[in-house]
1. State which residue is nearest to Phe41 (Cα to Cα) when the search covers only the range 53-68 and only residues that are crowded, with 20+ Cβ neighbours inside 10 Å and in contact (Cβ under 8 Å) with a residue 24 or more places away in the chain.
2. Which of the following residues is within 19 Å of the chain's Cα centre (by Cα) and among the charged types (D, E, K, R): Glu226, Glu196, Glu155, Glu186?
3. Leu71: exposed (fewer than 14 other Cβ atoms within 10 Å of the Cβ) and more than 15 Å from the chain's Cα centre (by Cα), yes or no?
4. Assess whether Ala30 counts as being crowded, with 19+ Cβ neighbours inside 10 Å and over 25 Å from the mean Cα position of the chain (by Cα).
5. Could you go through the range 230-243 and let me know if any residue there is in a loop (DSSP other than H, G, I, E, B), touching a Leu at 6+ places or on another chain (Cβ under 7 Å) and touching a residue at least 12 places away in the same chain (Cβ under 8 Å).
6. Look at Thr25 and say whether it is over 29 Å from Ala143 (Cβ atoms) and among the β-branched types (Val, Ile, Thr).
7. Among the residues that make up the range 86-98, is at least one of them farther than 26 Å from Asn138 by Cα and surrounded by 18 or more Cβ atoms within 10 Å (Cβ to Cβ)?
8. Counting only residues that are in contact with a Ser or Thr (Cβ under 6 Å, 6 or more places away or on another chain) and touching a residue at least 12 places away in the same chain (Cβ under 8 Å), give me the helices (runs of 4 or more DSSP H) lying completely in the range 126-226 with at least 2 of them.
Amino acid sequence: MHQAAALHYKALYIFNTKNYHKAITYYNNALSINEVQKNSFGIVLNLQNLGKCFFELSDYLKAKSYFKKSLEISEKYGFQRYQAFNLLYLGYIYRNLTEYNIALEYYQKSLVIYVQLDVKTYIGNILENIGIIYQKINNYQSALEYFNKALSINEQKNNKKGIASNLSNIGNLYIYNLYDRLKGLEFLLKSLTFSEELGDKEFIAATYGNIGNVYIILSNYTMALEYYHKALAINEKLGEKNIYPIP
């Protein structure tokens, strides 16, 4: 068991360096040991992490297979936290496969468990993702409802990163779907305040770009140019070549 754990932590370290193919090798080695030792908890964890590796590699069919295997075992042994995590990632996978109704089902199943466990970080994350699905299927009022629910949870936890993301999603919903550009701009500017507090350069640049887009829609080209230049300056420092395009 100690050997499997050592392989798992080695794989986790490699995963965090984004060397996913090498991490897969270590996770598979750990899985082989845990299967021989019939360590159900270790098997669930290894399968889950293999799923994450394939997800990062955009191999969603393999990722789905590993998460479903992990889910089956976690349900059998009552590993609720891991059950909820598997359901959440299956939601991500089906979202990326554009099977939005199935994604919604998995998100809602995951949400039920996380609410029972009172894990507010994941609750806020899932509520936001449900909002994104509703936005994609053109149910904008439901999208707004779930973005606001996520915002409320993140405000309770003072999760500034979550708050910035929720405000940004609400802003973009108003701008591109509900066609209230000034209200959308207000939310983007609030989001910017939180991301600047966090020093999240990538998110700040993205928000500058989105604000620039709004000013283009409002025909305020001077302000649009100002925000595009701000986005460009950060992206050049970060080495990003893809500047946020005008929609």
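1. For the range 53-68, the residue satisfying everything is Phe67.
2. On the way: Glu226 fails: within 19 Å of the chain's Cα centre (by Cα); Glu196 fails: within 19 Å of the chain's Cα centre (by Cα); Glu186 fails: within 19 Å of the chain's Cα centre (by Cα).
None of the others qualify; the one that does is Glu155.
3. Working: exposed (fewer than 14 other Cβ atoms within 10 Å of the Cβ): no; more than 15 Å from the chain's Cα centre (by Cα): yes.
Spelling it out, it is not the case that Leu71 is exposed (fewer than 14 other Cβ atoms within 10 Å of the Cβ) and more than 15 Å from the chain's Cα centre (by Cα).
4. Working: crowded, with 19+ Cβ neighbours inside 10 Å: yes; over 25 Å from the mean Cα position of the chain (by Cα): yes.
Taking the combined requirement at face value, the residue satisfies it.
5. Looking only at the range 230-243, we keep the residues that are in a loop (DSSP other than H, G, I, E, B), and these are 239-243.
Filter once more, so that each one left must be touching a Leu at 6+ places or on another chain (Cβ under 7 Å): 243.
Next, from what is left, pick out any that are touching a residue at least 12 places away in the same chain (Cβ under 8 Å): 243.
Scanning the range 230-243 turns up at least one residue that is in a loop (DSSP other than H, G, I, E, B), touching a Leu at 6+ places or on another chain (Cβ under 7 Å) and touching a residue at least 12 places away in the same chain (Cβ under 8 Å).
6. Numbers: over 29 Å from Ala143 (Cβ atoms): yes; among the β-branched types (Val, Ile, Thr): yes.
So Thr25 fits the description; yes.
7. Residues of the range 86-98 farther than 26 Å from Asn138 by Cα: 86.
So of that shortlist, the ones also surrounded by 18 or more Cβ atoms within 10 Å (Cβ to Cβ) come out as 86.
Yes: the range 86-98 contains one or more residues that are farther than 26 Å from Asn138 by Cα and surrounded by 18 or more Cβ atoms within 10 Å (Cβ to Cβ).
8. Working: elements: 140-156, 160-176, 181-198, 201-217.
In the range 126-226, 160-176, 181-198, 201-217 are the helices (runs of 4 or more DSSP H) which contain 2 or more residues that are in contact with a Ser or Thr (Cβ under 6 Å, 6 or more places away or on another chain) and touching a residue at least 12 places away in the same chain (Cβ under 8 Å).
Just so you know, all these numbers are worked out from the coordinates, no wet-lab data involved. Every value quoted in this text rests on a predicted model; they were computed, and no experiment measured them. Glycine also receives a Cβ, built like all others from the backbone with ideal geometry; neighbour counts cover every protein chain displayed.
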